[in-house]
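**Q** Here you go, one structure.
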Amino acid sequence: MYRKEFYVFDQDRPVPAVIRNYEEKDFPGLICVQQESFPPPFPSELWWNAEQLHNHVTLFPEGALCIEVNGEIAGSMTGLLVDADPNHPDHTWEDITDNGYIRNHNPNGNTLYVVDISVRPTYRKLGLGKWLMLSMYDVVVHKGLERLLGGGRMPGYHKKANEMTPEQYLEAVVKGELKDPVITFLLRCGRTPVQVVPNYLEDEESCNYGTLMEWKNPFCLSITEQGEC
């Protein structure tokens, strides 16, 4: 199981933090993280429920991570394994994550797919999201997977939807001409865009679009070069 102890910084003040696998006793705190992280207009039915969280810790506990700051759960990140096909990247969040229940988790999958990452707003200046992402990269390397993959929301797109296509919006964010709260964060974490996916998630701010973004395992040669990771 995973456990990492380190310090984050509140300006110049070191603050103790721990990233570890979450457990059943953490469920109330994890649900509070969701409620604070995704306020309306984000659909409340997409917040975690106890059955989903139970599946996370039983079907793929390695992909169920939380971060504590001074002993309080401040954020979480969840993944499952899938057998991703780069030639057919289109999918919805609901289909590929089993609507967050991950009953379709494939222990032999080649890709760690991000179901969710969230950090409570009061802790967001501490860089916790990036620490969670880096820790999930550790899981990818440890398990010898090809990549980490996931669809990022585009919450800034609704402000530009009358001026540009989602692909043009993504290009502007990658060039640094625009800043998106999620896509820019994922770029800072080392993720790279694959493509824009329509109807990815019911999300008014993103106009239901998502950007599929990946992180390739640097220790894993391509299938064509070696046959396996």
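Each value in this text was obtained by applying a stated rule to the coordinates, not by laboratory testing. Keep in mind it's a predicted model, so treat the numbers as computed, not measured. A quick note on method: Cβ atoms are made from the backbone with ideal geometry, for glycine too, and the neighbour counts reach across all protein chains shown.
**Q** List the pairs whose first member sits in the stretch 133-153 and is touching a residue at least 24 places away in the same chain (Cβ under 8 Å) and farther than 13 Å from Thr192 by Cβ, whose second member is among the hydroxyl-bearing types (Ser, Thr, Tyr) and buried (at least 19 other Cβ atoms within 10 Å of the Cβ), and whose Cβ atoms are under 8 Å apart, counting only residues at least 6 apart or on separate chains?
**A** Partner pairs satisfying both residue conditions: Leu145/Thr111; Glu146/Thr111; Gly151/Tyr200; Gly151/Thr211; Arg153/Ser206.
**Q** Look through the stretch 160-190, keep the residues that are among the basic types (Lys, Arg) and touching a helix residue (DSSP H, G or I) at 6+ places or on another chain (Cβ under 8 Å), and return whichever of them is farthest from Gly150 (Cα to Cα).
**A** Among those residues, the one meeting the criterion is Lys160.
**Q** Those residues that are surrounded by 16 or more Cβ atoms within 10 Å (Cβ to Cβ) and more than 16 Å from Gly109 (Cα to Cα), I need them from the stretch 133-157; list them, please.
**A** Of everything in the stretch 133-157, those that are surrounded by 16 or more Cβ atoms within 10 Å (Cβ to Cβ) and more than 16 Å from Gly109 (Cα to Cα) turn out to be Met133, Ser135, Gly151, Gly152, Arg153, Met154, Pro155, Gly156, Tyr157.
**Q** Would you check if there is a residue in the stretch 142-150 being among the charged types (D, E, K, R) and touching a Cys at 6+ places or on another chain (Cβ under 7 Å)?
**A** Yes, some residue in the stretch 142-150 is among the charged types (D, E, K, R) and touching a Cys at 6+ places or on another chain (Cβ under 7 Å).
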